[in-house]
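The structure under discussion appears below in the form of structure tokens.
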Amino acid sequence: ETGVTQTPRHLVMGMTNKKSLKCEQHLGHNAMYWYKQSAKKPLELMFVYSLEERVENNSVPSRFSPECPNSSHLFLHLHTLQPEDSALYLCASSHTENTEAFFGQGTRLTVV
Amino acid sequence: QKEVEQNSGPLSVPEGAIASLNCTYSDRGSQSFFWYRQYSGKSPELIMSIYSNGDKEDGRFTAQLNKASQYVSLLIRDSQPSDSATYLCAAFVYYNQGGKLIFGQGTELSVKP
């Protein structure tokens, strides 16, 4: 079993749909992250949760809504997305905010 | 100025050669630095972390940190075709409310047989 698991691996959604991405970590880490990776662009940090509290919201549009119910689970709720939101969405976790982060396999999102 | 900068490449080296990947960062207060490898269509995989000035070796990989010059490098000895990937440099950058892990744009490495 991998340390950080993301579901689904692939998602195609229309602009009026509502969907959620799920991330689960089995490493006993205290910090969890959502990153967006678009083609030919650096990884963009979206949200940081430390001890289940959001400590960073990197100017992300409100159509992305994170939820961290406990230290092992992280969700990204999606609604009324745009085609330019199509990207690879990566979840990561780390012991603390400034230690090495481990990534899940990612969710390849396509908005049509 | 970008917080973490890398040459996007592609960097091409022959099999068996040493590949040298470089990264600079802008925040003098950064203390934690990481190298990740990302194969096409896959998620980033941690290769090395380095926190102190100097060299850190792990198998064929050596990370080098020079805080005075604000650069981090990764050397890959005896490069193999399987090392062909994009290499991401990351630094933990401090802000007023805390900090966050910032990535460079990545350097694409191609190892030719």
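Were the residues from A:Glu67 through A:Thr16 laid out at 0.36 nm apart, the gain over their Cα-Cα distance would be 16.3 nm. With K and R counted +1 and D and E -1, the other residues having a Cβ less than 11 Å from that of B:Phe92 yield a net charge of -3. Among B:82-90, B:39-47, the peptide with the highest mean count of other Cβ atoms within 10 Å heads the list, and the full ranking is B:82-90, B:39-47. Dipole orientation for chain A: of the candidates A:His77, A:Leu45, A:Met32, A:His77 has the Cα lying most toward the positive pole (charges on Cβ; Lys, Arg +1; Asp, Glu -1). Along its first, second and third principal axes, ordered by size, chain B spans 48, 30, 22 Å in Cα coordinates. Charging the Cβ of each Asp and Glu at -1 and of each Lys and Arg at +1, and nothing else, the dipole of the protein assembly as shown about its Cα centre rounds to 520 debye. Of the peptides B:24-35, A:48-59, B:50-61, the ranking by mean beta-carbon count within 10 Å, highest at the top, reads B:24-35, A:48-59, B:50-61.
Averaging the sequence gap over all C-alpha pairs within less than 8 Å and six or more residues apart, then dividing by the number of residues, gives chain B a relative contact order of 37 percent. Amide H contacts of B:Gly9 (H built 1.01 Å from N, in plane; Pro and chain starts excluded): B:Glu108 sit under 5 Å, all sequence-distant by 5 or more or on other chains. Each Lys or Arg adds one and each Asp or Glu takes one away; over the other residues whose Cβ falls under 12 Å from the Cβ of A:Phe47, this sums to -1. In order along the range B:18-34, the phi-based Karplus estimate (6.51 cos²θ - 1.76 cosθ + 1.60, θ = phi - 60°) of 3J(HN,Hα) comes to 9, 9, 10, 10, 10, 8, 10, 9, 9, 8, 5, x, 4, 10, 10, 9, 9 Hz; Gly and Pro are listed as x. Inter-label distance, B:Asn66 to A:Thr5: 4.6 nm, where each label sits 7 Å from its Cα along the C-beta direction.
Here each label is just a point 7 Å from Cα along the line to Cβ, and for B:Glu15 and A:Asn57 those points are 5.3 nm apart. For A:Lys40 and B:Ser52, the FRET efficiency from 1/(1 + (r/R0)^6), where r spans their Cβ atoms and R0 equals 30 Å, is about 0.35. Given +1 at the Cβ of Lys and Arg, -1 at the Cβ of Asp and Glu and no other charges, the dipole of chain A around its Cα centre is 520 debye to the nearest 20. Since only A:Ser94, A:Thr110, B:Ala19 are under comparison, the one whose Cα sits farthest along the positive direction of the charge dipole of the protein assembly as shown, derived from C-beta charges on Lys, Arg, Asp and Glu, is A:Thr110.
Remark: for residue pairs A:Lys19/A:Lys40; A:Lys19/B:Lys112; B:Lys42/B:Lys100, the C-alpha separation exceeds 31 Å in A:Lys19/B:Lys112.
Each value in this text was obtained by applying a stated rule to the coordinates, not by laboratory testing. A quick note: this is a predicted structure, and the numbers were derived from the prediction, not measured. Methodologically, a virtual Cβ is constructed for each residue, glycine included, from the backbone with ideal geometry; neighbour enumeration extends over all protein chains shown.
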